[in-house]
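*Asks:* Sharing a structure with you now.
The values are calculated or read from the model by the stated rules, or taken from the named source; none is laboratory data. Everything numeric here is computed off the predicted structure, so don't read it as measured data. Cβ: placed from backbone, ideal geometry, glycine included. Neighbour counts: every protein chain shown. Keep in mind that these areas ignore ligands, DNA and RNA; they rest on the heavy atoms of the full protein, side chains included. Shrake-Rupley method; radii C 1.70, N 1.55, O 1.52, S 1.80 Å.
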Amino acid sequence: MTVDLRGKPAVSSETANVAELLATLVGFDTTSVKSNLALIDFVRDYLAGHGIKSTLIPSSDGERASLFATIGPAGDGGIGLSAHSDCVPVEGQNWSADPFVLRERDGKLYGRGTCDMKGFLAAALASVPLFKSRAPKRPVHIIISYDEEIGCLGVRPMIERIGRELPKPAAIIVGEPSGMMVIDAHKRIDSYRTVVTGREAHSSMPQLGVNAIAVAAELIRELDRLGADIASRSNDRRFDPPFSTVMVGVIRGGTAGNIVPKTCSFQWQVRSLPGAAPAEVPRDLTAYAEANLLSRMQQVAPDANIETIAHNTVPAFLAEPNSPAVALALKLSGAETTHTVSYGTEAGLFEQAGCPAVICGPGHVAQAHTADEFVAVAQLDACMAFLARLSDEVGA
Ligand SMILES: [Zn+2]
């Protein structure tokens with residue numbers, strides 16, 4: 001793996017290992033849906049080199065795999081360190097260098113996934129010798145998933161095995177970028193696809209057709225209105241923004257400039273505050289379509305239709321009061337208060353499965369998913385210090 005650190009890396013001796021591991025991890029193009037097996041093989045071999053056995057949980061097509069490995073005593077309990085191996089695409093982004101070659105400049109390490117979230121994975125792997133040297137009385141589990149970025153898909157089959165074939169950790173630290181702050185709640189994500197079916201016609205005779213794009217535009221305007229309505233009704237100051245949000249992310253429709261388009265589909269999502277009722281948005285959109293659009297469309301084309309399909313849900317995360325995971329992360333980080341984030345993670349799924357979870361990891365979400373994504377060396381240092389205190393904790 002090429003490491004282009006451009007001269008002397010500005011990393012302390014403590015994290016030199018981390019930068020090297022991060023360079024290797026970044027070198028694997030693990031964009032979601034692509035295979036992550038090269039990365040998983042590397043991690044499995046690395047752990048095997050430290051005498052640690054890994055369990056792989058392959059995807060149904062065998063192209064990707066999750067990994068679960070335990071340092072210390074076998075069995076339930078102990079602390080899970082959870083990372084997703086996949087990253088978001090680089091296509092269409094204006095990177096100033098190869099996104100899959102780690103570069104260091106001014107105390108920052110650049111590359112796809114450095115912040116979200118190979119930095120945490122590198123820190124966890126770099127800490128393995130330390131964990132081992134402490135002969136931990138409680139296990140530390142390395143938990144790596146795939147396809148997190150497209151709806152936390154890959155972790156689900158692994159979670160089904162936790163507490164059965166796989167040990168059940170007493171607490172799981174999800175190392176998503178939080179600036180090493182302790183995060184005890186995040187929003188829920190519900191993703192939908194709405195498909196408008198109209199009727200084709202020559203563009204000179206639009207009255208003979210049903211313009212699916214024009215109908216989609218009306219539906220999207222209604223979604224914006226519903227979003228503004230929700231925003232005006234909810235207010236939870238722990239979140240930024242302090243309300244549930246509605247957003248359209250992808251739209252596709254039409255075939256040519258001179259054909260009234262028959263189909264248009266758009267993907268949208270609702271990010272709800274924990275405890276809010278996300279189902280009301282698709283219900284309200286359908287009611288709007290039935291009251292205002294469908295009969296008008298069907299007068300021209302009886303088979304015209306509007307259908308909204310629920311695509312995926314990432315549950316909200318809200319740590320239980322007195323969560324041992326939150327207490328542990330506060331102790332290890334020295335922080336006194338917890339925070340929330342608006343992005344989704346696997347933490348809610350772990351919590352649902354009975355594993356108390358908390359989010360705490362290096363890097364800031366502002367740099368995640370962007371061109372020239374980076375993690376600051378200081379953040380990796382803080383994460384290494386956090387994990388060193390964890391090694392004291394499990395070794396005591
Ligand atoms: Zn992430």
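*Asks:* Where in the stretch 177-215 is the amide nitrogen less than 15 Å from a point lying 7 Å along the Cα-to-Cβ axis of T313?
*Replies:* So the set is 187-193.
*Asks:* For the stretch 308-366, what does the alpha-carbon gyration tensor say about shape, rounded, prolate or oblate, given a ≥ b ≥ c as the root eigenvalues, a/c under 1.5 as rounded, and a/b over b/c as prolate? Could the numbers behind the result be given before it?
*Replies:* Working: a/c = 2.81, a/b = 1.57, b/c = 1.79.
Since a/c reaches 1.5 but b/c is at least a/b, the shape of the stretch 308-366 is classed as oblate.
*Asks:* Whole-Hz Karplus ³J(HN,Hα) for the stretch 261-274, in order, using 6.51 cos²θ - 1.76 cosθ + 1.60 and θ = phi - 60°, x for Gly and Pro?
*Replies:* x, 7, 10, 8, 10, 9, 9, 9, 9, 10, 10, 9, 4, x
*Asks:* So for the chain: antiparallel DSSP bridges make up what percent, rounded to the nearest 5? Can you show the working numbers first?
*Replies:* Numbers: 49 of 67 bridges.
Rounded to the nearest five, the antiparallel share is 75 percent.
*Asks:* Quick check: residue separation of D98 and K331 times 0.36 nm, minus the Cα distance between them. What number comes out in nm?
*Replies:* 80.0 nm is the gain from fully extending D98 to K331.
*Asks:* Quick check on the chain: helices-only [θ] at 222 nm, where DSSP H runs of length 4 and up contribute -39,500 (n - 2.57) each and the sum goes over total residues. Nearest 500, please.
*Replies:* On the way: 11 runs with 126 residues, N = 396.
One gets -9500 deg cm²/dmol as the mean residue ellipticity at 222 nm.
*Asks:* Given an 8 Å cut-off on Cα distances and at least 6 residues of separation, report the relative contact order of the chain as a percent.
*Replies:* Working: 903 pairs, mean separation 96.4, N = 396.
Reported as a whole number, the value is 24 percent.
*Asks:* On to the next question. Could you list the square roots of 5 times each eigenvalue of the Cα gyration tensor of the chain, that is, the equivalent ellipsoid semi-axes, sorted largest first and rounded to whole Å? Display every interim value, and only then the final one.
*Replies:* Numbers: eigenvalues 372, 109, 73 Å².
Value: 43, 23, 19 Å, ordered largest first.
*Asks:* Among K53/K331; K187/K331; K137/K187; K53/K118; K132/K331, which pairs are too far apart, with a Cα-Cα distance over 32 Å? Numbers along the way, then the final one.
*Replies:* On the way: K53/K331 29 Å; K187/K331 24 Å; K137/K187 35 Å; K53/K118 21 Å; K132/K331 21 Å.
Result: K137/K187 exceed 32 Å.
*Asks:* Given a 1.4 angstrom probe, I'd like the percentage of the accessible area of the stretch 200-240 that is carbon and sulfur, rounded to a whole number. Kindly include the intermediate steps, with their values, before the conclusion.
*Replies:* Numbers: 1320 of 2530 Å².
Accessible surface attributable to carbon and sulfur in the stretch 200-240 totals 52 percent.
*Asks:* Could you look at the stretch 300-396 and say what percent of its accessible area is carbon and sulfur, using a 1.4 Å probe and all protein chains? All intermediate terms of the calculation are to be shown ahead of the outcome.
*Replies:* Details: 2130 of 3870 Å².
Ligands and nucleic acids excluded, carbon and sulfur give 55 percent.
*Asks:* What number comes out for accessible area per residue over the chain if the probe is 1.4 Å? Units Å², please. List each step's numbers first, then the result.
*Replies:* Values: 16900 Å² over 396 residues.
Heavy-atom SASA per residue in the chain reads 43 Å².
*Asks:* Let me ask something else. Rounded, prolate or oblate for the stretch 95-161? Axes are the square roots of the Cα gyration tensor eigenvalues, ordered a ≥ b ≥ c, and the cut-off for rounded is a/c under 1.5. Intermediate results must be reported in sequence, preceding the final value.
*Replies:* On the way: a/c = 4.16, a/b = 1.27, b/c = 3.28.
Cα axes put the stretch 95-161 in the oblate bin.
*Asks:* Would you mind classifying the stretch 60-203 by shape? Square roots of the alpha carbon gyration tensor eigenvalues, ordered a ≥ b ≥ c; an a/c under 1.5 is rounded, otherwise it is prolate if a/b is larger than b/c and oblate if not. Don't jump to the answer; show the numbers that get you there.
*Replies:* Working: a/c = 2.47, a/b = 1.46, b/c = 1.69.
Judged from the Cα gyration tensor, the stretch 60-203 comes out oblate (a/c at least 1.5, b/c at or above a/b).
*Asks:* Convert each backbone phi in the stretch 237-245 into a coupling constant with the Karplus relation 6.51 cos²θ - 1.76 cosθ + 1.60 (shift: θ = phi - 60°), then list the ³J(HN,Hα) values in order as whole Hz, x for Gly and Pro.
*Replies:* Each residue's phi maps through the Karplus curve to give 5, 6, 10, 10, x, x, 8, 6, 10 Hz.
*Asks:* Counting only C-alpha contacts under 8 Å and six or more residues apart, can you give the relative contact order of the stretch 252-393 as a whole percent?
*Replies:* Working: 97 pairs, mean separation 22.3, N = 142.
Value for the stretch 252-393: 16 percent.
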